[in-house]
Amino acid sequence: MMAAESTAVYVYGIVPADVEAQPHATGVGDPPGEVTVVRHGEIAALVSTLDPDRPLGTPTDLRAHEELLDGSAAVTPVLPLRFGAVMTDTDAVESELLAANEDQFRAALDELEGRVQFVIRGRYIEDMILRELLDENPEAARLGDEIRGKPEDLTRDARIMLGEMINQAIEAKRAQDTHKVVSELEKLDALINQREPTHEEDAVHLAALIESAREQELEDTVRRLVADWDGRVELDLLGPMAAYDFVTKPAP
């Protein structure tokens, strides 16, 4: 007799117990696992079976994890788990994850009811921000003129000094521009998490948790900021998505 094939259970996130898996919803794995629901009391977990011998971590896996959570967050509160959360079977999901954290999960889901996360990210347009910085800083402009057209090895010190001035100026601009965006989001009663910049020319990078009903107001706010910063900052609004920045991600 052949031994039964070994499987594990991948856990995506925690949702209210009345949630049903969407028909044909798929998750991580190759082939992608069918998403089902494990329930305990008033809470549940979105899961799929997984070959335990298959390594996780491909871009396709990460995309499947996020797409399932973000799609779920558009219709119901969801607590996202860390990517790569795997348990032995559905009994373990119910007893070791759901039952062991029932009160905490239920309270967190209540707080997320009717809210979704968006990410606002802006990046300075290089030529425009550099011109702005040089116009505001005569010493930086002087160094720029001194360097222009000369060999690098003869202007090394000046280039280093100018680079430091520009970096400091961009940091100051980033703080000012981020404050402007935060002030606008606070008018929407948003919870805000400022993210660290991922690029030296990032102008703003933050997550906002808002009421779903105010999504249009958020889009209008970002549209006004885009108009204000036309030609200076490229601004993007990403979402709705799961509340990655506003929950403590439990690990099984």
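On a 0 to 90° scale, report how tilted helix 138-147 is relative to the longest principal axis of the chain, with both axes built from alpha carbons and the result rounded to the nearest 10.
Result, in degrees: 80.
Sort 93-100, 56-63, 133-140 for me by packing, meaning the mean count of neighbouring Cβ atoms within 10 Å per residue, highest on top.
93-100, 133-140, 56-63
Quick one: if you stick a label point 7 Å off each Cα along the C-beta vector at GLU215 and LYS180, how many nm between them?
About 2.7 nm, to one decimal.
What are the semi-axes of the equivalent ellipsoid for the chain, taken as the square roots of 5 times the Cα gyration tensor eigenvalues, largest first, in whole Å?
Over the Cα atoms of the chain, the ellipsoid semi-axes are 46, 23, 14 Å.
Show me, bin by bin at 10 Å from 0, the whole-percent P(r) of the range 116-241 based on Cα pairs.
Over the range 116-241, the share of Cα pairs per 10 Å bin runs 12, 38, 26, 15, 8, 1 percent.
List the relative contact order of the range 116-241 as a percent without decimals, with contacts defined as Cα pairs under 8 Å and 6+ residues apart.
48 percent
With each label point set 7 Å from Cα along the Cα-Cβ vector, what nm distance links HIS24 and ALA141?
Result for the modelled spin labels: 6.1 nm.
Counting only C-alpha contacts under 8 Å and six or more residues apart, can you give the relative contact order of the range 9-113 as a whole percent?
36 percent
Could you compute the FRET efficiency for GLU66 and GLU164, with r as their C-beta to C-beta distance and R0 at 41 Å, rounded to 0.05?
After rounding, the FRET efficiency stands at 0.65.
Using alpha carbons only, how many degrees (0 to 90, rounded to 10) separate the axis of helix 156-186 from the longest principal axis of the chain?
Approximately 50 degrees, to the nearest ten.
Might you tell me the accessible area per residue for the chain, computed with a 1.4 Å probe and given in Å²?
Accessible surface, normalised per residue, equals 56 Å².
Given an 8 Å cut-off on Cα distances and at least 6 residues of separation, report the relative contact order of the chain as a percent.
24 percent
Which distance in nm do the two modelled labels at ASP89 and ALA227 give, with both placed 7 Å along the Cα-to-Cβ direction?
It works out to 6.1 nm between the two label points.
Provide the net charge surrounding ASP220, with neighbours chosen by a C-beta distance below 12 Å and charges set as Lys +1, Arg +1, Asp -1, Glu -1.
Neighbour charge sum, excluding ASP220 itself: 0.
One quarter of the convex hull surface, Cα atoms only: what value does that give for the range 9-113 in nm²?
6.0 nm²
Using a probe of 1.4 angstrom, how much of the accessible area of the chain is carbon and sulfur, in percent?
For the chain, the apolar C and S fraction of the accessible surface comes to 48 percent.
The values are calculated or read from the model by the stated rules, or taken from the named source; none is laboratory data. Note that the structure is a prediction, hence the values are computed from the model and not measured. FYI the Cβ positions are ideal-geometry reconstructions off the backbone, even for glycines, and counts take in every protein chain you see. Accessible surface areas use protein heavy atoms only, side chains included; no ligands, DNA or RNA. Shrake-Rupley method; radii C 1.70, N 1.55, O 1.52, S 1.80 Å.
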